[in-house]
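The values are calculated or read from the model by the stated rules, or taken from the named source; none is laboratory data. Bear in mind that the values here come from a model prediction, so they are computed numbers and not experimental data. Glycine also receives a Cβ, built like all others from the backbone with ideal geometry; neighbour counts cover every protein chain displayed.
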Amino acid sequence: MIVNRWLDGFDVRLRPVTMDDLDAMMTWVNRPEVTQNFARLSRAISREEEAQWLHRTLESDADRLYAIEDRDGAYIGNAGLHQIYWPARAARLGVVVANQQGRGIGQQTIKLLSAAAFLDHGLHKVWLIHYRTNTRMAHITAKLGFAFEGVLRDEYFHQDGYHDMIRLSLLDHEFTRLRGSWGL
Ligand SMILES: CC(C)(COP(=O)(O)OP(=O)(O)OC[C@H]1O[C@@H](n2cnc3c(N)ncnc32)[C@H](O)[C@@H]1OP(=O)(O)O)[C@@H](O)C(=O)NCCC(=O)NCCS
């Protein structure tokens, strides 16, 4: 199991999110530097709306949502497997490092979340989309070895208009090849 485990060389672990994490999540759901990366969060979100979203997500068989936690037990952000399509064993990765950005935690989280997808949940494929302008995410996914799948033209509509999204993915056998170099 990857979830709930401390792995050597990792500063964070993943643990299942609960409704008790709502207040921690509210600290970032309306912060523009985080939310500008997500279509769902392109307008102000109330605590009630976020609570409903969290409740639905925790109940859903198409989502597995984790908190990123440091070794002091502090909440750092969320990491999720979403839109899980069980017949194909495919899921969309979502990551938010709300606190302590730029310290390698995003990369560690994507490694752990991919490992959870393939090892804990037996998935075949993980994919993600990011704004073309999210060069940090582009750098990280290229560095980790995700494969470029294509450009989704005008996929999202934000206040300032339509935006292209970049789609990338990783397959289970690619994870198996890469995991040693990831320290897993
Ligand atoms: C994207 C995100 C998950 C990255 O997490 P993080 O902990 O800040 O990232 P890390 O510290 O692990 O890695 C950042 C890497 O990007 C590089 N980087 C930082 N800013 C960059 C930029 N503007 N352009 C290109 N690369 C950049 C860093 O140098 C580092 O790479 P390195 O280790 O090779 O030096 C985090 O910033 C975040 O949650 N952003 C808002 C939400 C988001 O965009 N989520 C992803 C949507 S798909």
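At a glance:
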item: Matching residues, the range 84-100, being closer than 24 Å to residue 33 by Cα and either more than 14 Å from the chain's Cα centre (by Cα) or away from the ligand (no atom under 11 Å from the Cβ) (or both); result: 99, 100
item: Test result for residue 91, part of a loop (DSSP other than H, G, I, E, B), out of contact with any Cys (no Cβ under 7 Å at 6 or more places or on another chain) and among the aliphatic types (A, V, I, L, M); result: no
item: Among the candidates 176, 141, residue that is of a type in the set (Ser, Thr, Tyr), outside any loop (DSSP other than H, G, I, E, B), surrounded by 20 or more Cβ atoms within 10 Å (Cβ to Cβ) and at pLDDT 95 or above; result: 141
item: Subset tally (residues that are touching a Leu at 6+ places or on another chain (Cβ under 6 Å) and either aromatic (Phe, Trp, Tyr) or at pLDDT below 95 (or both)) for the range 51-101; result: 1
item: Number of the exception - residue 156 against (1) at pLDDT 95 or above; (2) within 12 Å of the ligand (Cβ to nearest atom); (3) not small (Gly, Ala, Ser); result: (1)
item: Residues of the range 144-171 that turn out to be touching a helix residue (DSSP H, G or I) at 6+ places or on another chain (Cβ under 9 Å), of a type outside the set (A, V, I, L, M) and surrounded by 17 or more Cβ atoms within 10 Å (Cβ to Cβ), as a count; result: 1
item: Residue that is surrounded by the most Cβ atoms within 10 Å (Cβ to Cβ) [pool: residues in the range 40-96 that are among the polar types (S, T, N, Q) and free of Cβ contacts under 8 Å to residues at least 12 places away in the same chain]; result: 60
item: Residue within the range 33-44 that is farther than 27 Å from residue 162 by Cα and either of a type in the set (Lys, Arg) or assigned to a helix (DSSP H, G or I) (or both) present; result: no
item: Matching residues in the range 18-29 - criterion: being loosely packed, with under 15 Cβ neighbours inside 10 Å and within 14 Å of the ligand (Cβ to nearest atom); result: 27
item: Residue list for the range 63-92, restricted to those being in contact with a strand residue (DSSP E or B) (Cβ under 9 Å, 6 or more places away or on another chain), closer than 15 Å to residue 17 by Cβ and not charged (D, E, K, R); result: 65, 66, 67, 68, 75, 76, 77, 78, 79, 80, 81, 82
item: Failed item in (1) more than 15 Å from residue 95 (Cα to Cα); (2) assigned to a helix (DSSP H, G or I); (3) charged (D, E, K, R), with residue 8 passing the rest; result: (2)
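For (1) free of Cβ contacts under 8 Å to residues at least 12 places away in the same chain; (2) buried (at least 22 other Cβ atoms within 10 Å of the Cβ); (3) assigned to a helix (DSSP H, G or I); (4) near the ligand (Cβ under 7 Å from one of its atoms), each residue gets a yes or a no:
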site: 102; (1), (2), (3), (4): yes, no, no, yes
site: 107; (1), (2), (3), (4): no, no, yes, yes
site: 114; (1), (2), (3), (4): no, yes, yes, no
site: 117; (1), (2), (3), (4): no, yes, yes, no
site: 123; (1), (2), (3), (4): no, yes, no, no
site: 128; (1), (2), (3), (4): no, yes, no, yes
